[in-house]
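One structure is given below, encoded as structure tokens.
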Amino acid sequence: MFARAVRPTVSLARSLSTSTQNNAKVAVLGASGGIGQPLSLLLKNSPLVSHLSLFDIAHTPGVAADLSHIETRANVTGHMGPDQLDAALQGCDVVVIPAGVPRKPGMTRDDLFNTNATIVATLADACARNCPEAMICIIANPVNSTIPIASEVMKKYGVYNPNRMFGVTTLDIVRANAFVAELKGLDPARVNVPVIGGHAGKTIIPLISQCTPKVEFPADQLAALTARIQEAGTEVVKAKAGAGSATLSMAYAGARFTFSVLDAMNGKEGVVECGYVRSEETECKYFSTPLLLGKSGIEKNLGLGKLTAFEEQLVVEAMTELKASIKKGEDFVANMK
């Protein structure tokens, strides 16, 4: 029952071709980067978006000019540099944040902390001042820490709404779906594996037991599959040999999550996505679980569902790292000058 309930109700392809009209202003902060450009392209293609506001510290006018020539309805504006950040955000309904430095071989997501923490804090500050009611979707790593950072910044302004603040972990679900489909010879578009926990290493917990359709693996194959899902980002970093991290698949996943948020804001019912959010589901303040989305953000946290003994152990093993990442994010904001 639970696995059936968390089946995503909209595929990216259907989002791109839907005739639904919506007047949503969506900002992409970090729009000139490796994730930001393909993400902006996918958003420009959607009739759910009426105004695409692009911001980055360099090259944004060119990206905006390029995208503006595409024959879809979204108006595109480009904003470059700190002086134009406020203008980029005014009146936004959804803000997607892929800004930050990418991982290189040998780096963990945590190695990105100092640089990306400052970037996310600055952008969250601007969101709090210019679009406090917007849905904030954060891609910038390490997500386990950047969501607590953005949340603490919003609290300082008295505008924090935990139902509108999301860590985008959709890439973990997309990867799990692809890998399970590959192993079982299934159509990946029809596979859904909920992924809970966080968005780094062993905090990524794929719930293969709740997969739709139902699949089973021998214990050794299940362990190997779980490890591959957890380390899939490193797989891409190594394959790119110093040229970056996952950008195209992350852009796809970010667009999928954004379209789900927009669909729900538009009144579509039964929209479910996993996301890293403020949570009471475990002893961690923030935890990713399947979420029922609505017009005002999170309508209901669907929780962990029934876990196997193997999955319960994965949750236990994730707790220490997850708590430390959350505290690191909160402490960063507490110590900011």
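The values are calculated or read from the model by the stated rules, or taken from the named source; none is laboratory data. This structure is a prediction, so every number in the text was calculated from the model and none was measured. With ideal geometry, Cβ positions are generated from the backbone for all residues, glycine too; neighbour counts draw on all protein chains shown. These accessible areas exclude ligands, DNA and RNA; they are computed on the full protein's heavy atoms, side chains included. Shrake-Rupley method; radii C 1.70, N 1.55, O 1.52, S 1.80 Å.
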- Message: Taking the condition of being touching an Asp or Glu at 6+ places or on another chain (Cβ under 6 Å) and part of a loop (DSSP other than H, G, I, E, B), how many residues in the range 135-187 meet it?
- Response: 1
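I'd like the full set of residues that are touching a Ser or Thr at 6+ places or on another chain (Cβ under 9 Å) and part of a helix (DSSP H, G or I), limited to the range 191-209.
In the first step, residues of the range 191-209 are kept if they are touching a Ser or Thr at 6+ places or on another chain (Cβ under 9 Å); the result is 191-201, 203-209.
Passing the criteria: GLY201, THR203, ILE208, SER209.
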- Message: I'd like to verify a number: residues in the range 234-257 that are crowded, with 21+ Cβ neighbours inside 10 Å, out of contact with any strand residue (DSSP E or B) (no Cβ under 9 Å at 6 or more places or on another chain) and among the small types (Gly, Ala, Ser), how many?
- Response: 4
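Taking the range 93-108, which residues are open to solvent by 10 Å² or more (accessible area, probe 1.4 Å) and within 21 Å of GLY254 (Cα to Cα)?
To start, the set of residues in the range 93-108 that are open to solvent by 10 Å² or more (accessible area, probe 1.4 Å) comprises 93, 98-108.
Residues satisfying the conditions are ASP93, PRO98, ALA99, GLY100, VAL101, PRO102, ARG103, LYS104, THR108.
One line per residue, one yes/no per condition, for (1) surrounded by fewer than 22 Cβ atoms within 10 Å (Cβ to Cβ); (2) of a type in the set (A, V, I, L, M); (3) over 29 Å from ASN266 (Cα atoms); (4) at pLDDT below 95:
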site: ASP86; (1), (2), (3), (4): yes, no, no, no
site: ILE119; (1), (2), (3), (4): yes, yes, yes, no
site: ARG129; (1), (2), (3), (4): yes, no, no, no
site: ILE139; (1), (2), (3), (4): no, yes, no, no
site: PRO148; (1), (2), (3), (4): no, no, no, no
site: VAL168; (1), (2), (3), (4): no, yes, no, no
- Item | Number of the condition not met by GLU317 [criteria: (1) assigned to a strand (DSSP E or B); (2) farther than 25 Å from LYS155 by Cβ; (3) not hydroxyl-bearing (Ser, Thr, Tyr)] | (1)
- Out of (1) surrounded by 22 or more Cβ atoms within 10 Å (Cβ to Cβ); (2) farther than 20 Å from LEU39 by Cβ; (3) of a type in the set (Ser, Thr, Tyr), the one SER260 does not meet is (2)
- Message: Exactly one of these conditions fails for VAL159: (1) modelled with pLDDT of 95 or more; (2) of a type in the set (A, V, I, L, M); (3) closer than 22 Å to ALA253 by Cα; (4) more than 14 Å from the chain's Cα centre (by Cα). Give me its number.
- Response: (3)
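Can you tell me which of PHE310, PHE287 is in contact with a Gly (Cβ under 7 Å, 6 or more places away or on another chain), outside any loop (DSSP other than H, G, I, E, B), aromatic (Phe, Trp, Tyr) and touching a residue at least 12 places away in the same chain (Cβ under 8 Å)?
None of the others qualify; the one that does is PHE287.
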- What number of residues in the range 133-178 are over 25 Å from MET319 (Cα atoms), of a type outside the set (A, V, I, L, M) and without any contact (Cβ under 8 Å) to a residue 60 or more places away in the chain? 3
- Output the residues belonging to the range 304-327 that are surrounded by 16 or more Cβ atoms within 10 Å (Cβ to Cβ), under 24 Å from MET135 (Cα atoms) and more than 18 Å from the chain's Cα centre (by Cα). LEU304
- Query: Within the range 307-323, can one find any residue that is among the basic types (Lys, Arg) and in contact with a helix residue (DSSP H, G or I) (Cβ under 9 Å, 6 or more places away or on another chain)?
  - Reply: no
- Message: Just to check your reading of the model, which residue among GLU281, GLU269, GLU273 is part of a loop (DSSP other than H, G, I, E, B) and closer than 19 Å to ASN161 by Cα?
- Response: GLU281
- Taking THR203 as meeting all but one of (1) of a type outside the set (Gly, Ala, Ser); (2) within 26 Å of GLY297 (Cβ to Cβ); (3) open to solvent by 10 Å² or more (accessible area, probe 1.4 Å), write down the number of the exception. (3)
- Out of all the residues in the range 69-77, is one or more modelled with pLDDT of 95 or more and open to solvent by less than 30 Å² (accessible area, probe 1.4 Å)? yes
